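Following: one structure in structure tokens, then a few remarks.
Computed from the coordinates by the stated procedures, all read-outs in this text should not be read as laboratory data. Worth saying up front: this structure is predicted, and the values here are computed from it rather than measured. Cβ coordinates were reconstructed from backbone atoms using ideal geometry, including for glycine residues, and neighbour counts include every protein chain displayed.
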Amino acid sequence: MFTLGINNGLRCGDLLRLTVGDVRNLKPGETLTVREQKTGKDNILMINKTSYKILKQYLDETKDDDNEYLFKSRKGNGPLTVGTVNALVKSWCRSLNLKGNFGTHSLRKTFGYIQRKKFGVAWEIIGKRFNHSSPAVTMRYLGIEDKEVNGILMNEI
């Protein structure tokens with residue numbers, strides 16, 4: 001869950017609906033169209049090398065049927081719930097002594113933040129990836145504040 005969430009920026013609920021068959025044959029660079037539960041819009045899941053390695057290892061070890069959920073619950077035949085994954089993320093962060101209020105949405109926000117800070121991806125492109133309807137939402141996700149915006153005023157042209 002962590003690897004797909006942080007490498008794609010999709011919402012947790014959308015990842016939880018994936019089945020083993022959805023991802024079994026995906027190779028790096030290949031995509032799967034995902035209908036976003038929240039917005040009803042189409043988005044894509046793309047497998048990068050890191051996601052591929054983790055998925056391949058998991059799928060090689062498991063005997064799960066293609067119709068089973070990729071992130072299945074131990075209770076019944078359904079997927080994990082967002083609440084369960086939220087508790088797991090909080091637990092992982094506590095075990096690493098990370099201070100803050102982390103949850104499932106932190107994976108999505110971290111994807112955007114790293115894309116912007118490490119790879120220099122423009123916030124408009126990240127907003128498009130997130131299917132945000134407003135630039136203000138994307139800017140809030142990425143932690144863009146007035147101080148940073150005002151900082152460009154010192155650039156000499």
If you go through region 85-93 one residue at a time, do you hit one that is part of a loop (DSSP other than H, G, I, E, B), touching a residue at least 40 places away in the same chain (Cβ under 8 Å) and either more than 30 Å from M139 (Cβ to Cβ) or in contact with a Ser or Thr (Cβ under 9 Å, 6 or more places away or on another chain) (or both)? no
Filtered residues of region 122-144 (kept if of a type in the set (G, A, S) and in a helix (DSSP H, G or I)): G127, A136
Give me the pairs: first residue in region 52-73 and touching a residue at least 24 places away in the same chain (Cβ under 8 Å) and surrounded by fewer than 15 Cβ atoms within 10 Å (Cβ to Cβ), second residue part of a helix (DSSP H, G or I) and among the small types (G, A, S), beta-carbon distance under 7 Å, and six or more apart or on different chains, which are they? D66/G21; N67/G21
Would you mind stating whether F119 is surrounded by 16 or more Cβ atoms within 10 Å (Cβ to Cβ), of a type outside the set (V, I, T) and not in a strand (DSSP E or B)? no
Which residue out of E156, E148 is loosely packed, with under 10 Cβ neighbours inside 10 Å, farther than 16 Å from I6 by Cα and not hydroxyl-bearing (S, T, Y)? E156
